[in-house]
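I have placed the structure first, in the form of structure tokens, so that the comments after it can refer back to it.
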């Protein structure tokens, strides 16, 4: 995912400030971008300079002025062109699998602890994803858009549920070896 398209997509929904966008990125399992806040603001500036977004400044009482960004027609066209591209396949770079491949070097208790930590983290992510599925943090301008966003959440939830079951099965297999 490129940050530019994620921002253009969000702005196609409604105007946001850089702070609003930062919060969406940090609170959402869908927007998996993990850069720093400066990148969001630099990207917004670049999109603004390229005429893909417009900007208004809203004065706030006792707070700094807030810059609100809105998608322009050129930004809408760029977003639609991106949507027409062939889908990018999921990344299979899974650092934990590489770590796990060499984990036979650990004593059984440490390996089980490692797997337990992974299970806890994935379970926490699954819970967050499940909770966010109930929140209307995505647009539902049409019934089709609602179905698409539900499919995104179902995919994420399915991934985490698979990972939880997979690690539980692995822990059981390893425990059976130790008996």
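Throughout, read-outs are computed from the coordinates displayed, never taken from laboratory work. Note that this is a predicted model, so its numbers are computed, not measured. When we count neighbours, we look across all protein chains shown, and the Cβ atoms used for this are built from the backbone with ideal geometry, even at glycine.
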Query raised in the report: Relative to the first principal axis of the alpha-carbon coordinates of the chain, what is the inclination of helix 37-49, with its axis defined by its Cα atoms, in degrees from 0 to 90 and to the nearest 10?
Result: 40
Query - Angle between the chain longest axis and helix 3-13 axis [Cα atoms, degrees, rounded to 10] - result: 60
Query raised in the report: Anyone know which of 25, 16, 96 comes out most mobile in the 10 Å Cα GNM of the chain?
Result: 96
Report summary line: quick shape note, the stretch 95-177: Cα extents on principal axes in Å, largest first -> 54, 22, 17
Query raised in the report: So how much slack lies between residue 121 and residue 2, counting 0.36 nm per residue of separation and subtracting their Cα-Cα distance, in nm?
Result: 40.3 nm
Query raised in the report: Between 147, 53, 122, which gets the highest mean-square fluctuation from a Gaussian network model of the chain, Cα cutoff 10 Å?
Result: 147
**Report entry** Inter-label distance, nm, simple model (7 Å from Cα along the C-beta direction), residue 98/residue 162
**Finding:** 2.1
Query raised in the report: Using r as the Cβ-Cβ distance of residue 13 and residue 175, and R0 as 41 Å, what FRET efficiency do you calculate, to the nearest 0.05?
Result: 0.30
Query raised in the report: Can you give the translational diffusion coefficient of the chain in µm²/s, computed by Stokes-Einstein from the Kirkwood radius over Cα pairs at 4 °C and 1.567 mPa s?
Result: 67
Report task. Sum -39500 (n - 2.57) across every DSSP H segment of at least 4 residues in the chain, then divide by the residue count to get the 222 nm mean residue ellipticity, nearest 500. Result -> -21000 deg cm²/dmol
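Set the Förster distance to 35 Å, then compute FRET efficiency between residue 46 and residue 108 from the Cβ-Cβ distance, nearest 0.05.
On the way: r = 52 Å, r/R0 = 1.48.
In this case the efficiency is close to 0.10.
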Query raised in the report: Going by alpha carbons, how many degrees (0 to 90, nearest 10) lie between the helix axis of 143-177 and the longest principal axis of the chain?
Result: 20
Requested in this report: Specify whether the C-alpha gyration tensor of the stretch 3-83 places it in the rounded, prolate or oblate class, a ≥ b ≥ c being the square roots of the eigenvalues: rounded for a/c under 1.5, otherwise prolate if a/b is larger than b/c and oblate if not.
Outcome: oblate
Report task. Could you check which residue among 82, 102, 166 shows the biggest mean-square fluctuation in a GNM of the chain with a 10 Å Cα cutoff? Result -> 102
**Report entry** Normalised contact order of the stretch 3-83, rounded percent, pairs of Cα under 8 Å and 6 or more residues apart
**Finding:** 37
